[in-house]
Amino acid sequence: MKEMSIGVFTSVGAGLGASLDFVKELALDNVQLHTPPPEARSPERTQELKKQFEDADIAITVVFAGFAGESYASIPVVKDTVGLVPAKTRKARLKETFEISDWTRAMGCDALGMHIGFIPEDTKNRVHKELVKVARDVCDYCADNGQRFHLETGQETADGLLAFIEDVGRDNLAVNFDPANMILYGTGEPLPALRKIGSFVKSVHCKDAKWSDDPGVAWGTEMPLGEGEVDIPLFIFTLKEIGYLGPLTIEREVPGEQQKTDIRNAVELLRTLR
Ligand code: MG
């Protein structure tokens, strides 16, 4: 794959990603893939899917874990339902995370990504300590599968994320930097955050957004790439500045024709910028 190769976030059966057919139409050579639901991860279905990507010459750069019961309806609902933070589902989801890591390996991919959830930033907080252990367990499982574990940004500040990474202390822990999420969740200006987290960034989402009137309480608004408040030209410039030359994965979380139009435009924008 070339440096700063343009890719797109895709999904098969679950999630709001683009379809494989659309990626083929765009003639892109790489994607991130949202994990299909458990019933679609049988060995036969897995081999079938792997072959579809291989036949199309499309590399899967990160598999993103997702779980039944997660909801992004509002910021408080995200806190209660997303990732490995909610106590009620943690044990079962950790087990499923290991299964997804195995699935990721079966798909020939060396990185597992996830929104781990809202981790309290106070390092003495009980949930923070529990999540450090959970993240270590995931990292160690991924390491045995020859993988990195990528934390999706947005639900914490840059400083909070750095402190967490340091506490976990695993070499295969990395960051999937999504600049729009920092605006959507109201956790900080994305580009200064990118400079801080720089060396841990191993994948990115090219996504844009506008701040809400009540950051951190109400969602900001996701926008077509280049039309929000990230400053996409400066985002690409900053990626080069920190030495990131990996895939530029477009993520556009709206359904239907709007998604296709916006992704086509995003590909064109990134071609001119990179
Ligand atoms: Mg994202």
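Quick notes
- Think of the chain as a dipole: +1 on every Lys or Arg Cβ, -1 on every Asp or Glu Cβ, centred on the Cα centre; then among THR123, GLN32, TYR72, THR123 lies furthest on the positive end.
- When only the Cβ of Lys, Arg, Asp and Glu is charged (+1, +1, -1, -1), the dipole of segment 6-273 relative to its Cα centre reaches about 660 debye.
- Membrane-span-like helices in the chain (whole DSSP H runs, Cα extent of at least 27 Å along the helix axis, mean Kyte-Doolittle hydropathy of at least -0.5): 126-144.
- Estimated inter-spin distance, ASP171 and THR46, nm [label 7 Å along Cα→Cβ]: 2.6
- Cα gyration tensor shape of the chain, rounded if a/c is under 1.5, else prolate or oblate by comparing a/b with b/c: rounded
- Distance from segment 209-255 to segment 13-81 (C-alpha centre basis), Å: 21
Read-outs throughout are calculated quantities, based only on the coordinates presented, and are distinct from any laboratory measurement. No experiment lies behind these values; they were computed from the predicted model shown. Quick reminder, even Gly has a Cβ in these numbers, built from the backbone with ideal geometry, and neighbours come from all protein chains shown.
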